[in-house]
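S.K.: Got a structure for you, questions after.
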Amino acid sequence: MIDYIYANGCSYVAGDGLTPNPKNITNPQLIYKKTSVHLLAEELNIDSFNNAKGGGSNQRIVRTTIDWLLQNKNKWSDVLVLVGWTEFHRYEILNNENWIQVSRIDFPPEEIQNTIRYENWKSYIANFYNIWRMYNNYLDNILYLQLFLESNNIKYIFWDSIGDFSPDDDTFRYRNKYKKKWDIINTKNWVTGGDESWEKYLKELEKEHDVRVGTRDKRGILDDFHPNELGHKFWYEKIKNKVKELNYI
């Protein structure tokens with residue numbers, strides 16, 4: 001039985017580019033009308049809480065999801081947790097009690113400095129950043145949250161929001177390097193079995209449908225690649241099918 005939906009992720013799950021839903025009184029700045037999460041909650045006629053944040057990291061997803069669950073232990077048997085994992089090279093740091101999200105490591109140094117606002121930021125970046133390590137941390141985040149949810153019998157569905165997963169994509173190489181760790185991830189609870197992201201699905205849909213918020217310039221480059229309402233609707237159908245497959249409803 002599902003009475004609540006808790007969702008977390010980055011801008012794809014948050015619904016960046018869509019119109020905010022003013023009727024939502026739980027957290028209007030984070031719930032957007034006609035997101036995939038909203039559509040599923042509407043279909044099931046249940047309440048939803050969307051804690052996704054544009055530019056947020058996987059570390060943030062795990063931290064805030066577990067925080068919410070610990071504050072709402074009375075809902076564990078009735079909640080469905082939906083998580084759209086984001087780009088693995090994003091991360092967060094704690095600086096003076098404030099969590100700061102860093103979206104990319106290849107920004108100009110001065111921009112990273114302005115984002116982190118940490119006096120030893122150069123040393124921090126030099127000692128912290130390693131692309132292979134960051135992908136390994138991404139897998140650790142997935143396994144940690146998976147273990148927490150399964151050990152407490154909490155219903156969940158995961159997916160990757162961003163990523164190509166084609167043989168010529170870097171992510172494909174990283175996954176192969178850590179194949180043993182990837183193989184112990186429970187992909188039965190993933191929307192597409194872990195072999196397709198929302199972004200990759202949108203690229204296929206683009207051949208026949210307008211599924212992006214933005215418009216293309218003369219070169220065919222989008223000014224906003226986020227899914228529009230139709231893009232969310234298509235993904236909602238995928239989530240709903242997985243919900244049924246797992247006998248959650």
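The values are calculated or read from the model by the stated rules, or taken from the named source; none is laboratory data. Since we're looking at a predicted model, the values are computed, not measured. Methodologically, a virtual Cβ is constructed for each residue, glycine included, from the backbone with ideal geometry; neighbour enumeration extends over all protein chains shown. Keep in mind that these areas ignore ligands, DNA and RNA; they rest on the heavy atoms of the full protein, side chains included. Shrake-Rupley method; radii C 1.70, N 1.55, O 1.52, S 1.80 Å.
S.K.: Tally the residues that are within 15 Å of the chain's Cα centre (by Cα), open to solvent by less than 40 Å² (accessible area, probe 1.4 Å) and more than 10 Å from residue 227 (Cβ to Cβ), restricting the search to region 197-216.
M.R.: 1
S.K.: Please enumerate the residues belonging to region 239-249 that are modelled with pLDDT of 95 or more and more than 13 Å from residue 161 (Cα to Cα).
M.R.: 240, 241, 242, 243, 244, 245, 246, 247, 248, listed by residue number.
S.K.: Check off (1) at pLDDT 75 or above; (2) loosely packed, with under 14 Cβ neighbours inside 10 Å for residue 170 and give me the number that stays unchecked.
M.R.: The failed condition is (1).
S.K.: Here is a further query. How about region 37-86: which of its residues are buried (at least 20 other Cβ atoms within 10 Å of the Cβ) and of a type in the set (D, E, K, R)?
M.R.: Hits for region 37-86 are 53, 60.
S.K.: Cβ-Cβ under 6 Å, sequence separation 6+ or interchain: first residue in region 82-99 and closer than 19 Å to residue 134 by Cβ, partner polar (S, T, N, Q) and modelled with pLDDT under 80. Which pairs?
M.R.: 90/103; 92/101
Yes/no per residue for (1) at pLDDT 60 or above; (2) open to solvent by less than 30 Å² (accessible area, probe 1.4 Å); (3) β-branched (Val, Ile, Thr); (4) at positive phi:
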| site | (1), (2), (3), (4) |
| --- | --- |
| 91 | yes, yes, no, no |
| 96 | yes, no, no, yes |
| 99 | yes, no, no, no |
| 104 | no, no, no, no |
